[in-house]
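Peer 1: Before anything else, here's the structure in question.
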Amino acid sequence: MSSIKNNKLQLVLMWVLLTSVLLGIFTLLPVSDKVDTSTVIKAATKAVIKAAPIVVTNESQVNTVSLPAEQSLGQTSTRSLETSSEPSSGLAAERSSVSAVSTDSVIPATTAMVTESVVASIAAELAKSYPKTINYVIQKGDTLGAIFEQLDLSQKSLYQILEVDLNVLALDSIKPGQMLIFTEFEGELTRLELQISLAHQVIYKRQGDSGFEFEQVNIDGEWREHSYIGKVEYSFSGSAKKAGLSLFEAQFIASLLKDKINFSRDFRIGDTFKVLVSRQYIGDQLTGENRIDAVSINNRSRNISAYLYEGAYYDEAGLSIERAFVRRPVSSKYRISSSFNPKRLHPVTGLLRPHNGTDFATPIGTPIFATGDGVVSRVLNHKYAGLYIEISNGQTYRTRFLHLSKALVRKGQRVKRGQKIALSGNSGRITGPHLHYELHMRGRAVNAMTADIPIASAIDKRQQAAFKLALNNYHAAWEQVKS
Ligand SMILES: [Zn+2]
């Protein structure tokens with residue numbers, strides 16, 4: 001008996017429970033209905049879109065850049081989106097993807113239990129499973145800090161990148177039109193690529209929690225020689241431009257031969273000139289990197305010429321045209337406290353931190369001298385490098401002076417070898433005052449104390465035959481154009 005009674009009671013209880021559950025659902029349903037389905041889809045697609053590579057640019061162009069990061073990760077998620085006018089971009093992207101998701105594969109819209117937050121969390125989980133890549137074309141007035149902020153990237157990763165960039169100082173001279181490719185994984189910046197030109201990239205890669213390491217990519221491409229022949233009409237630069245040379249190249253020639261001919265006074269109408277320029281190509285595209293190989297000017301009855309041989313210019317007889325470099329930017333009484341070392345590791349993190357220069361133990365205020373003739377290309381302040389100067393010494397060489405207390409030159413100024421350019425200091429993040437001096441040869445840091453730099457004043461006897469051969473090749477290149 002009692003068992004039957006119990007069964008009845010159980011049935012009643014179950015019925016009550018079921019009714020209340022159904023009632024609950026009925027009262028809940030209108031609420032669920034109020035969730036605008038378009039909002040749900042938007043939320044989902046926003047998250048999905050976040051996970052896909054986004055091309056960010058202010059210009060109306062579509063970037064089709066191959067992404068080595070994705071290739072190396074085995075991802076094939078490159079999706080070229082139409083760009084919109086706003087970097088934070090959305091409408092065009094959002095719209096295009098709404099149509100993409102309406103094919104039901106992402107959201108099974110079958111149950112009323114699907115809420116915005118559920119969809120968002122599913123999408124966020126999906127987003128984590130592959131890296132997000134952002135291509136950012138640098139605009140006029142952009143700073144690295146502002147770009148990081150705009151893309152919602154952490155200050156911590158910005159400082160970690162700046163810390164490793166101390167060894168290249170590439171991010172200090174970003175220019176409009178260059179591209180930054182950011183790769184994020186699970187909300188963290190894992191890779192940054194700066195595309196300086198088609199031939200030159202710097203890649204910063206995360207190595208665990210402690211920071212980034214960098215890699216410089218220099219593609220040699222193909223150097224094709226172009227010949228320019230002209231007659232002097234009004235000025236040399238005007239005539240050179242007419243013959244097809246750039247203003248920069250005309251100025252370079254004038255500065256190279258300034259000790260041999262006065263470019264504003266000595267030319268006569270009817271004087272002729274021949275120039276060979278090598279221009280770098282990758283495929284059929286010019287990279288913007290050029291090199292003047294040979295110049296020959298017939299001025300009245302005399303010939304003035306310059307030929308590039310092993311990184312330096314010589315005249316027809318093999319005598320050096322440029323003034324040579326000196327090894328040291330400071331007096332010989334200051335000892336070297338740390339030598340050039342491309343394989344140096346950070347003592348704490350163990351990350352590769354090449355020492356791309358030579359340190360001199362100089363007290364604050366020590367005079368620093370230019371090691372070669374050139375033009376000041378940078379006077380900047382860097383969080384880690386401190387106040388520093390960069391001098392462009394012709395086409396092949398570049399010198400840098402870090403941790404200064406005072407700069408005595410300004411950007412664009414022409415300097416002579418031996419000219420006092422700065423006072424040493426302890427600016428930037430360093431343990432004690434010193435001068436860090438760098439020499440770069442064709443974009444690569446070399447040991448300034450041992451590098452094979454032009455210090456000789458003439459071609460050595462053993463090299464005469466090779467030099468003659470190089471001269472004959474230059475002359476032959478001009479002859480070919482004439483015929
Ligand atoms: Zn140093």
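The values are calculated or read from the model by the stated rules, or taken from the named source; none is laboratory data. None of these values were measured; they are calculated from a predicted model. Neighbour counts run over all protein chains shown; Cβ positions are idealised from the backbone, glycine included. Side chains are part of the model used for accessible areas, which takes the heavy atoms of the whole protein and leaves out ligands, DNA and RNA. Shrake-Rupley method; radii C 1.70, N 1.55, O 1.52, S 1.80 Å.
Peer 1: Hey, what's the per residue convex hull volume over the C-alpha atoms of segment 145-198, in cubic angstrom?
Peer 2: Working: hull volume 4.6 nm³, N = 54.
Here the figure is 85 Å³ per residue.
Peer 1: Pull out the extension gain between residue 473 and residue 175, defined as 0.36 nm times the separation in residues minus the alpha carbon to alpha carbon distance; nm, one decimal.
Peer 2: Gain on stretching residue 473 to residue 175: 103.6 nm.
Peer 1: Something else now. Quick one: if you stick a label point 7 Å off each Cα along the C-beta vector at residue 186 and residue 442, how many nm between them?
Peer 2: Those two pseudo-labels are separated by 4.2 nm.
Peer 1: Right, next: Over every pair of different alpha-carbon atoms in segment 128-280, take the mean of 1/r and invert it; report that Kirkwood radius in Å.
Peer 2: With all distinct Cα pairs of segment 128-280 included, I get 18.9 Å.
Peer 1: From the protein chains alone at 1.4 Å, what is the descending order of accessible area for 282, 161, largest first?
Peer 2: Descending order: 282, 161.
Peer 1: Take the alpha-carbon centre of segment 255-309, take the same for segment 388-423, and report the distance between them in whole Å.
Peer 2: Centre-to-centre distance over Cα atoms comes out at 26 Å.
Peer 1: For segment 303-376, report the translational diffusion coefficient in µm²/s to the nearest whole number, using Stokes-Einstein at 37 °C, 0.692 mPa s, and a Kirkwood Rh over Cα pairs.
Peer 2: For these conditions, the coefficient is 207 µm²/s.
Peer 1: Oh, and also: Between residue 139 and residue 429, what is the label-to-label distance in nm when each label sits 7 Å out along the Cα-to-Cβ direction?
Peer 2: 3.0
Peer 1: When Lys and Arg each count +1 and Asp and Glu each count -1, what net charge do the other residues less than 13 Å away from residue 401, Cβ to Cβ, add up to? Mind showing how you got there, number by number?
Peer 2: On the way: positive: 328, 378, 398, 400, 406, 420; negative: 359, 390, 438.
Surrounding charge for residue 401 is +3.
Peer 1: Moving on. Where only protein heavy atoms count, and the probe is 1.4 Å, what is the accessible area per residue for segment 185-330 in Å²?
Peer 2: Result: 49 Å² of accessible area for each residue.
Peer 1: Take the alpha carbon atoms of segment 429-483, find their center, do the same for segment 170-217, and report the distance between the two centers in whole angstrom.
Peer 2: The distance from the Cα centre of segment 429-483 to that of segment 170-217 comes to 30 Å.
Peer 1: Of 140/205; 175/241; 260/416, which pairs sit farther than 20 Å apart, going by alpha carbon to alpha carbon?
Peer 2: 140/205; 175/241
Peer 1: Under the √(5λ) rule applied to the eigenvalues of the Cα gyration tensor, what semi-axes describe the equivalent ellipsoid of segment 332-483? Give them in Å, descending.
Peer 2: Semi-axes (√(5λ), whole Å): 35, 19, 15.
Peer 1: For segment 229-327, what is the convex hull (Cα atoms) projected area averaged across all directions, in square nanometres?
Peer 2: Dividing the Cα hull surface by four gives the mean projection, 7.5 nm².
Peer 1: Would you please state the base-10 log of I(q)/I(0) at q = 0.18, 0.19 1/Å for segment 188-272, with intensities from the Debye formula using one equal scatterer on every alpha carbon?
Peer 2: -0.82, -0.87
Peer 1: Rounded to the nearest 0.05, what FRET efficiency do residue 463 and residue 338 have when you use their Cβ-Cβ distance and R0 = 35 Å? Display every interim value, and only then the final one.
Peer 2: Numbers: r = 34 Å, r/R0 = 0.98.
Computed FRET efficiency for residue 463 and residue 338: 0.55.
Peer 1: Counting Lys and Arg as +1 and Asp and Glu as -1, what is the net charge of the other residues whose Cβ lies under 15 Å from the Cβ of residue 224?
Peer 2: That works out to -4.
Peer 1: For a Förster distance of 35 Å, can you work out the FRET efficiency between the beta-carbons of residue 255 and residue 352, rounded to the nearest 0.05?
Peer 2: Values: r = 38 Å, r/R0 = 1.08.
For residue 255 and residue 352, the calculated efficiency is 0.40.
Peer 1: Report the full-extension gain for the segment residue 282 to residue 361: residue separation times 0.36 nm, less the Cα-Cα distance, to one decimal in nm. Could the numbers behind the result be given before it?
Peer 2: Values: separation 79, 0.36 × 79 = 28.44 nm, distance 4.33 nm.
Length gained, residue 282 through residue 361: 24.1 nm.
Peer 1: Describe numerically, in nm with one decimal, the distance between label points set 7 Å from Cα along Cα→Cβ at residue 242 and at residue 420.
Peer 2: Here the answer is 4.7 nm between the modelled labels.
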